[in-house]
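Participant: The structure under discussion is supplied below as structure tokens; questions concerning it will follow.
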Amino acid sequence: MMSQKFSTALFFFLFITVLLTANGAGAGQDDTPFRVTAYPLPRFVSLSSDEVFVRTGPGQRYPVRWAFKKDGLPVEIILEYDIWRKIRDHDGEEGWVHKSLLSGRRTALITGESPASLYRKPDENSRLSARLEPGVLVSVKSCGGVWCNINTMGYEGWAKQNVLWGVYENEIFD
């Protein structure tokens, strides 16, 4: 039978080994703590459910801080731990959600104090399609570094990237 001292020493050895591995020490791994996937951190995703509980820590034993009640809202993943993702919302609030409640579908919120212009082409001289109020949720089809192709409520067109919360400045994707 194992002695109490040996069991305690073994526990601490395993704990330190797991901690160092999780933090990327040794083996030339990424230095970012709480990293599970090869996806970049931070990154934008969207909520995949109309009820998402945001917790104080990465697990169901942690209390719920608040709940999102709208499918498709953009959030920013800032950390990963096992099946949990630490997210930041458009107000800067942070908490942990289960990865199954997130989607890679790109969405954004219109920002600013006044309506944003939606153009037919990625050019301010092109025809105006709509004016979108701050807080409007849009689907983002692609971004070219300055302009994003978006759609919402039956309107499709191009908006400047700097009026969208859910894409990074100068980000390019299809």
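Each value in this text was obtained by applying a stated rule to the coordinates, not by laboratory testing. What you are looking at is a predicted structure, and each value in this text was computed from that prediction instead of being measured. Don't worry about glycine lacking a Cβ; one is built from the backbone with ideal geometry, like all the others, and counts go over all protein chains shown.
Participant: From the C-alpha coordinates alone, can you work out the Kirkwood hydrodynamic radius of region 108-169, in Å? Let's see the in-between values first.
Facilitator: On the way: mean 1/r = 0.0901 Å⁻¹.
Computed over Cα pairs of region 108-169, the Kirkwood hydrodynamic radius comes out at 11.1 Å.
Participant: Let me ask another. Take the Cα of R43, step 7 Å along the line toward its Cβ, and report every residue of region 142-174 whose backbone nitrogen sits under 11 Å from that point.
Facilitator: Flagged as within label range: none.
Participant: Still on this structure, please answer the following. Checking the table K86/K121; K69/K99; K99/K141; K69/K121 against a 26 Å threshold on Cα-Cα, which pairs fail?
Facilitator: Values: K86/K121 36 Å; K69/K99 17 Å; K99/K141 22 Å; K69/K121 33 Å.
Result: K86/K121; K69/K121 exceed 26 Å.
Participant: Give me the Å³ per residue figure for the convex hull around the C-alpha atoms of region 43-105.
Facilitator: Numbers: hull volume 4.5 nm³, N = 63.
Normalising the Cα hull of region 43-105 by residue number yields 71 Å³.
Participant: Going by a ≥ b ≥ c, the root eigenvalues of the Cα gyration tensor, does region 53-174 fall in the rounded group (a/c under 1.5), the prolate group (a/b larger than b/c) or the oblate group?
Facilitator: Working: a/c = 2.76, a/b = 2.25, b/c = 1.23.
Prolate.
Participant: Can you list the HN-Hα couplings for region 62-77, worked out from phi with the Karplus curve (6.51, -1.76, 1.60; θ = phi - 60°), rounded to whole Hz and with x for Gly and Pro?
Facilitator: 3J(HN,Hα) across region 62-77, in whole Hz: 7, x, 7, 7, 6, 10, 7, 10, 9, 5, x, 4, x, 9, 10, 7.
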